[in-house]
Structures are given as C-alpha cells and as structure tokens.
Amino acid sequence: IYSAAVTLFFVMDPLGNIPIFLSLLKQVDPCRRTQIIFRESLIAFFILTLFLFCGKPILNSLHISESALGIAGGIILFLIAIKMLFPASQNKREVQTKGEPFIVPMAIPLLAGPSGMTMVILLASQAPHEMGKWFAALAAASLAATLLLLIAIPLQKLLGVKVIAALERLMGMILTTIAVQMFLTGLARYLNSIS
C-alpha cells in the first residue's frame, strides 16, 4: 500500500501543480479557494477510483487504447503549458480567468491525468485481487496531495506576486517537456502495438 501510495502521489504531482493552481485561482475570491481545491481534489479522486475499478472495461468498450489516452493527455498539457509560458495581455487574461475553474484543468488533467489513470488501471490489471489495497493507496495519495495544495494558499501570500509569476513560467517550461514526453510515450506504445 505504501509503495503504491507514494507512486500515485508522485504521478499526481501536487508539488508541480502548486504554481498552476495558484495561477488558476488568483482571480477567485480567497474565501472560495479552499472549497475549490477540496472540490477539484474530490472530483479527481472519484475519477481515479472509477478508472481503478472500471478503467479497463471503459477503455475497451470505447475502443480507446492506453496509448491514445497518453497522446491526448500530452496534447492537453502542452496547450496549458503554452498558455503559462505566453500569457495573454492583462485585459484578456482577466476575461479568461474570470469565474471558477471547474473540472478542467484542475481535476483533469492536472490531478487525474492520463498518467494517473494509466497507473491505476495498471495496478488493477497486475493484481485484481488486491483492489482493497489499491483503493487505500489511492485514498492516501489523494489526501496527501489535497493537503499539500491547501498549503499553497498561505504560500502565495508568503512568496508574493512576482515569485509566483516566475514559478508559473518555470512550471510552464517543465510542463512542456512533460507533455512532449507523455505524447512520445503514447506514440511509442501505439507504434509498438501495430508493429
């Protein structure tokens, strides 16, 4: 359980998501931010739980391969990263970020991304008789990720706007490489499956 929980925690990447979450929530009323993080984390947990127990049948019924899941996730993350690296002008940005983010991109694909979905499907496929342990590991990883993201709110006040903006750009650069790697991994799986 411990090993699976640690793996899932790093796959969910809450540390890497902190600058993105702060950026997405900076136009939201501070009183609502904690509630939004709880809500998005709960949605991500529900989605990963769904894929843990029903992932294989869902993908098979829709004729979606794990490689397609990886390629799609890579494209979505790449688009998010480009927006972080090259933000729109202030007026346009205020219009774009007005209101609360809902499901996309916080719950999906940042917390419950293709890598997380693939990981839980892989755990369920390797040891289907250990589903209770995998669920406990997923719950522990999700709880730890949520607590870490909640700490990000006071962290924003501590670091200030300029440091957060710099972290946002840095995270955008890292996200582009993660997105490309995710895309290439999905593409490699696809090429191996047809060769």
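Below, the figures for the structure above:
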{"item": "Selection from segment 7-30 of residues that are open to solvent by 50 Å² or more (accessible area, probe 1.4 Å) and not charged (D, E, K, R)", "result": "7, 10, 15, 27, 30"}
{"item": "Tally of residues being open to solvent by 90 Å² or more (accessible area, probe 1.4 Å), more than 15 Å from residue 144 (Cα to Cα) and under 17 Å from the mean Cα position of the chain (by Cα) across segment 31-57", "result": "1"}
{"item": "Candidate set from segment 165-195 (those that are crowded, with 18+ Cβ neighbours inside 10 Å and of a type in the set (Val, Ile, Thr)); member that is farthest from residue 109 (Cα to Cα)", "result": "185"}
{"item": "Filtered residue count, segment 149-163, keeping only those that are modelled with pLDDT under 85 and surrounded by fewer than 18 Cβ atoms within 10 Å (Cβ to Cβ)", "result": "10"}
{"item": "Close pairs (6 angstrom Cβ cut-off, 6 or more residues apart or separate chains): within 20 Å of residue 80 (Cα to Cα) in segment 170-195, hydrophobic (A, V, I, L, M, F, W, C) and exposed (fewer than 13 other Cβ atoms within 10 Å of the Cβ) anywhere", "result": "none"}
{"item": "Output for segment 71-121, where each listed residue is on the phi > 0 side of the Ramachandran plot and either among the basic types (Lys, Arg) or modelled with pLDDT under 75 (or both)", "result": "99"}
{"item": "Given (1) over 20 Å from residue 48 (Cβ atoms); (2) open to solvent by 30 Å² or more (accessible area, probe 1.4 Å); (3) in contact with a helix residue (DSSP H, G or I) (Cβ under 8 Å, 6 or more places away or on another chain), number of the condition residue 144 does not satisfy", "result": "(1)"}
{"item": "Positions within segment 1-47 being in contact with a helix residue (DSSP H, G or I) (Cβ under 7 Å, 6 or more places away or on another chain) and of a type in the set (Gly, Ala, Ser), in sequence order", "result": "4, 5, 16, 23, 41, 44"}
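The values are calculated or read from the model by the stated rules, or taken from the named source; none is laboratory data. Treat the numbers as computed from the prediction; the structure is a model and nothing was measured. With ideal geometry, Cβ positions are generated from the backbone for all residues, glycine too; neighbour counts draw on all protein chains shown. Note: areas computed on protein heavy atoms with side chains; ligands, DNA, RNA excluded. Shrake-Rupley method; radii C 1.70, N 1.55, O 1.52, S 1.80 Å.
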